[in-house]
Amino acid sequence: MTLFRLAISVLFAVSSIAVAQAKTVWVDDQLYLPLRSGAGSQYRIVENAVPSGTPLEVLEASDSGYTRVRTPKGNEGWVSSQYLSETPIAADQLRTANRQLEETRAELASVKEELAKVTSERDALENSESSLSSRSEELQEELQRIKSIASDSINLERRNGELREENQKLRNDLEVLTAENERLEASKEYDFMLLGAGLVLGGVLLALIIPMLKPTRKTDNWA
């Protein structure tokens, strides 16, 4: 029975040590805690006046009211458990909170600055988009005007071709009419010549015939 209780006590101590080794405790508020070589006030001081808020690594916990710890300087010893806290002291918490607040403020300022930058870039992009939209409309209007001019040019070219064809046809008709006119002129001159010749011939005939038509005076034998 004694061996069983001893085994239970050893297991409890080992489990307590294992649990204690996984923890970190802090020296409580407004204290300067001495670090001793043993679990009691009669042992010599290894490190004097460990200040409040000092994080201590727990190495061993005992039922005597003392805890074996390691300080940030690397010294190992025993301190009174009643002056240890499982949470940082209020001053450290306040400093941590203030530091986190400053970090948050700095981050907020950075975010605001980034937001202002992004907003400025967005406004610039919107202005650029508006300018591009206006330019696009201008280009569309210019394109329509060019298409209209090109269409007019095509129509003008087609009309010019039609006029050239019509002009050539008129030239051909003019040449035909000119030839016909020359033929008619020549025919007219020929007719005039025939008419003149006829008139001359008629005059000659009249000159010959008229004397023949005059009565001849007879000699008055009764006289």
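Read the figures in this text as sums done on the coordinates, not as results from a lab. Keep in mind it's a predicted model, so treat the numbers as computed, not measured.
Worth a mention:
- The smallest convex shape that holds all Cα atoms of segment 43-90, its convex hull, gives 79 Å³ per residue.
- Rg/Rh (Cα only; Kirkwood hydrodynamic radius) as it applies to segment 34-113: 1.22
- Put simply, the amide H of residue 43, placed in the peptide plane, has neighbours under 5 Å in 38, leaving out anything fewer than 5 places away on its chain.
- Partners for residue 23 among aspartates and glutamates (Cα-Cα distance below 15 Å; same-chain residues under 8 apart left out): 57, 60, 86
- Cα-based radius of gyration for segment 113-223, normalised by 2.2 N^0.38 Å, reads 3.58.
- Residues whose amide H lies under 5 Å from that of residue 54, counting only those 5 or more places away or on a different chain, are 27; hydrogens are built 1.01 Å from N in the peptide plane.
- Partners of residue 188 within straight-line reach, counting aspartates and glutamates whose Cα lies under 18 Å from its Cα and excluding those fewer than 8 residues away in the same chain: 180.
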